[in-house]
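Reading through the structure tokens given below for one structure.
Laboratory data are not the source of any read-out in this text; all were calculated from the coordinates shown. Because the structure is a prediction, the values reported are computed rather than measured. So basically every Cβ, Gly included, is an ideal-geometry build from the backbone, and we count neighbours across all protein chains shown.
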Amino acid sequence: MIIQKTENSRISTFDPNNFSFGNTFSDHMIICEYENGKWGDVKLVPYGPLLFTPAMMGVNYGQACFEGMKAYKDNDGQVFLFRPEKNFERINKSATRLAMPEVTEEMFLDGLKALVDIDRDWIPQGEGNSLYIRPLIFATEEALKARVANKYMFAIVATPAKMYYTEPVSVKISDHYSRAASGGVGSAKAAGNYAASFYPTQLAIDEGYDQIIWTDDATHEYFEESGTMNVFVRINDTIFTPPTSEKILDGVTRDSFIALAKKRGFEVKVEAIKVKDVVGAQKNGTLKEVWGVGTAVVTTVFQALGYNGEKLELPRLSDEESFAVTLKNDLVNLQTNLSEDPFGWRVLVDHALETV
Ligand SMILES: Cc1ncc(COP(=O)(O)O)c(C=O)c1O
């Protein structure tokens, strides 16, 4: 790895108690270029702009995919990644689906650890705080030709993140728009998936909702995901979540929630969730909770579901009664080294680069 440390660190301007998530970037970034059929050297360089023209294929034809993951600092200042191998596997799954070259485990994991190590001062300490990390691959070839590109960049950037205390939100069950289609790219973290979701989400916001529960494109009879999260439903004391498929992203948080729920002895059923059954359960009082999970917010609890022009209210449970909140706390405690790690999910980031 080629390391070029910044000579103008911005860390003295970073106030861990007052920053804007997603707009504040750490001092460094990882970049690596792909050309002539192979990846070049991985470089750790000062964070900053790169030079491309509007003819870059990535912005014209959408060959771009990304990951979202976090690094956490415990009370002693030790830094951990959470299940980074899952994101490594997933970025390559996304790259393959978009006909882009896979990255190597060395590029991905060593790049990640080097960036997090050198920029460890950018990780805010304290409950639920973290450094959000964005690895991405995009086509950089300058050519207006609708075909697979020959040049790519792999990059990793990072932005500090606070615990989100999201108020319970209202979600609209989609009856027309779809996030993913059979044979499509729903299970890839393709940049275009997000572009395609913004307009329907905006329409739902205009109707007074915060997000959309995406349903299947063919019938709109089955739950798939919620916003940019995987979805869970609790009927009585049983937790349901749809199986992953080519239309559903295989979320790391989803997988972790299932394992943590089983560990607590909760009944978890990974099976198709019918909109009709959820609506029926709301009407007969057995629907206890519906929530979304993902790396960024960990959990968002829903207070109402919009369906057929009706707003179906959900019970307001206390934190102790809520499976969603209980499992969120289990996960955050594990991620921040406040609890045991029976699954071996934490990966310590050592100080290899700090003195370079
Ligand atoms: C569409 C979609 N579903 C689910 C998730 C949750 O995945 P993870 O738990 O790996 O963050 C994400 C994002 O992060 C997403 O973009």
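Nearest 5 is fine: what % of DSSP beta bridges in the chain come out antiparallel, could you say? Numbers along the way, then the final one.
Working: 60 of 73 bridges.
Bridges in the chain are about 80 percent antiparallel.
Centre-to-centre separation between the Cα atoms of region 89-134 and those of region 5-55: 13 Å.
How much net charge surrounds residue 188 when only the other residues with a Cβ under 14 Å from the Cβ of residue 188 are counted, with Lys and Arg +1 and Asp and Glu -1? Residues near residue 188 contribute 0 overall.
Rounded to the nearest Hz, the phi-derived 3J(HN,Hα) couplings of region 240-252 under the Karplus curve 6.51 cos²θ - 1.76 cosθ + 1.60 (θ = phi - 60°) are 10, 8, x, x, 5, 7, 6, 9, 10, 5, 7, x, 5, where x marks glycine and proline.
Positive contributions from Lys and Arg (+1) and negative ones from Asp and Glu (-1), summed over other residues with Cβ under 14 Å from the Cβ of residue 317, come out at -2.
Between the helical axis of 275-284 and the longest alpha-carbon principal axis of the chain there is an angle of about 50 degrees. With a Cα-only, solvent-free Debye model of the chain, what are the log10 I(q)/I(0) values at q = 0.09, 0.13 Å⁻¹? These q points yield log10 I(q)/I(0) values of -0.52, -1.08. Projecting the Cα atoms of 326, 273, 159 onto the charge dipole of the chain (Cβ charges, centred on the Cα centre) puts 273 farthest toward the positive pole.
Farthest towards the positive end of the charge dipole of region 179-256, among the residues 229, 241, 253, is the Cα of 253, using unit charges on the Cβ of Lys, Arg, Asp and Glu. Amide H contacts of residue 150 (H built 1.01 Å from N, in plane; Pro and chain starts excluded): 141 sit under 5 Å, all sequence-distant by 5 or more or on other chains.
Defining a contact as two alpha carbons under 8 Å apart and six or more residues distant in sequence, what relative contact order in percent does region 1-79 show?
Working: 64 pairs, mean separation 21.9, N = 79.
Result for region 1-79 is 28 percent.
Here the chain is assigned +1 on the Cβ of each Lys and Arg and -1 on the Cβ of each Asp and Glu. Its dipole about the Cα centre then comes out at about 520 debye. Subtracting the Cα-Cα distance of residue 182 and residue 104 from their residue separation scaled by 0.36 nm leaves 25.2 nm. With each label modelled as a point 7 angstrom along the Cα→C-beta vector, the residue 250-residue 13 pair spans 4.1 nm. Using Cβ point charges alone (K and R +1, D and E -1), the dipole size of region 169-316 about the Cα centre works out to roughly 480 debye. Spin-label pair residue 52-residue 5: with each label point 7 Å from Cα along the Cα-Cβ axis, the two points sit 3.0 nm from one another. Ranking 300, 178, 212 by Cα position along the charge dipole of region 169-316, where only Lys, Arg, Asp and Glu carry charges on their C-beta atoms, puts 300 farthest toward the positive end. Apply 1/(1 + (r/R0)^6) to the Cβ-Cβ distance of residue 148 and residue 318, taking R0 = 51 Å, and write down the FRET efficiency to the nearest 0.05. Efficiency, from the Cβ-Cβ distance: 0.45.
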